[in-house]
1. For the chain, what is the charge dipole size about the Cα centre, in debye to the nearest 20, if Lys and Arg each add +1 at the Cβ and Asp and Glu each add -1 at the Cβ?
2. Calculated from DSSP H runs of 4 or more alone, at -39500 (n - 2.57) each and per residue, what is the 222 nm mean residue ellipticity of the chain, nearest 500?
3. Along the charge dipole of segment 2-125, Cβ charges K/R +1 and D/E -1, which of G121, L20, L103 sits furthest on the positive end?
4. Compute the signed sum of charges (Lys and Arg +1, Asp and Glu -1) over the other residues within less than 12 Å, Cβ to Cβ, of R195.
5. Quick check: net charge around V4, other residues with Cβ under 11 Å of its Cβ, Lys/Arg +1 and Asp/Glu -1?
6. Hey, what does the equivalent ellipsoid look like for segment 12-104, semi-axes from the Cα gyration tensor as sqrt of 5 times each eigenvalue, largest first, whole Å?
7. Student exercise: in segment 2-125, how many lysine pairs 8 or more apart or on different chains have Cα atoms under 19 Å apart?
8. Can you give the percent of C-alpha pairs in the chain whose distance is more than 31 Å?
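Bear in mind these aren't lab numbers, they're just calculated from the coordinates by the rules spelled out. Quantities reported herein were computed from a predicted structural model and do not represent experimental measurements. Please note: Cβ atoms are built from the backbone with ideal geometry, for glycine as well, and neighbour counts cover all protein chains shown.
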Amino acid sequence: MITVAIVEDNETVRNTLRELIDATPKLRCGGAYATAKEAMAEIPRLRPEVVLMDIHLPGESGIACTARLKAQLPELQVIILTVYKDIELIFQALKAGASGYLLKRAPTEELLRAIIDVQSGGAPMTSEIARLVVQSFQSSSVSGIQEQGLSPRELEILALLSEGITNKEIAIHLGISSETVRTHLGHIYEKLHVRGRTEAVTKYLKAGGHG
C-alpha cells in the first residue's frame, strides 16, 4: 500500500484527487492540505511515501514546500502536479527535490502510473514536459557533462533518464538487459558523485547552464 498526500489549494481538485487515490487498489490518501503551512505541519508526522504537490499555493509556493519537505524527509517522493509548463519552474522543482512533474490535464491513468513508478525509482513526467526539458537542455548538457568522464553509452542512458523513463524502458530502448542498465547507472552515479537518478538528472540539467 502506497500512502499519498496531496497539497492543493483548489478544494474541488483536492477532493477529486483524494477520491481517485482512495478508489485505486494499493493506494491510500494519507492527508490532503490546502497550504504549504498545513503540509509542513502534518506530512513530517504522517510520513507518506508520495506527495502530489501543486506549485501555486497561498503563502509559500509548492516548490519551496518541496525543498523543506525533502530536507526533513530525504526518501519522500514528490510529484509536482500543476498547470504550469514553464521551463524555469520545471527546473526549480527538480532542484528543490521533486522526482516527477505532471500537468493537471494528464490522463488519470498517467497520474496513477506516475505514483507507482516514482516508488520504483522512476522520474515520471508528462510527455510534453519531458520533450520541453530535453529540447532545452540536452545538447548543452551533454557537452557540459562529458568532462565527468562518462562513456558514450553512459551519456546515452543519462539522456534517457532525463526523459523520465524507467530502467526497464531504457533496457528495451537500447536492446540491453535491465541488469546492464543498473550496472551503467552505478557507474554514472559514481562518476557524477550522486546518490541516485534524481540527483543525476538534476546535475545533467544543471550542466546545461540553468542553475
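1. Details: 23 positive and 25 negative charges, 65 e Å.
The calculated dipole for the chain is roughly 320 debye.
2. Values: 10 runs with 118 residues, N = 211.
Helix-only estimate at 222 nm: -17500 deg cm²/dmol.
3. G121
4. On the way: positive: R197, K203; negative: E75, E190, E199.
Surrounding charge for R195 is -1.
5. Numbers: positive: R18, K26, R28; negative: D22, E49.
Summing Lys/Arg as +1 and Asp/Glu as -1 gives +1.
6. Working: eigenvalues 73, 49, 33 Å².
In descending order, the three semi-axes are 19, 16, 13 Å.
7. Details: K37/K70; K70/K95; K85/K95; K85/K104.
Here the count comes out as 4.
8. Working: 3951 of 22155 pairs.
Of all Cα-Cα distances in the chain, 18 percent exceed 31 Å.
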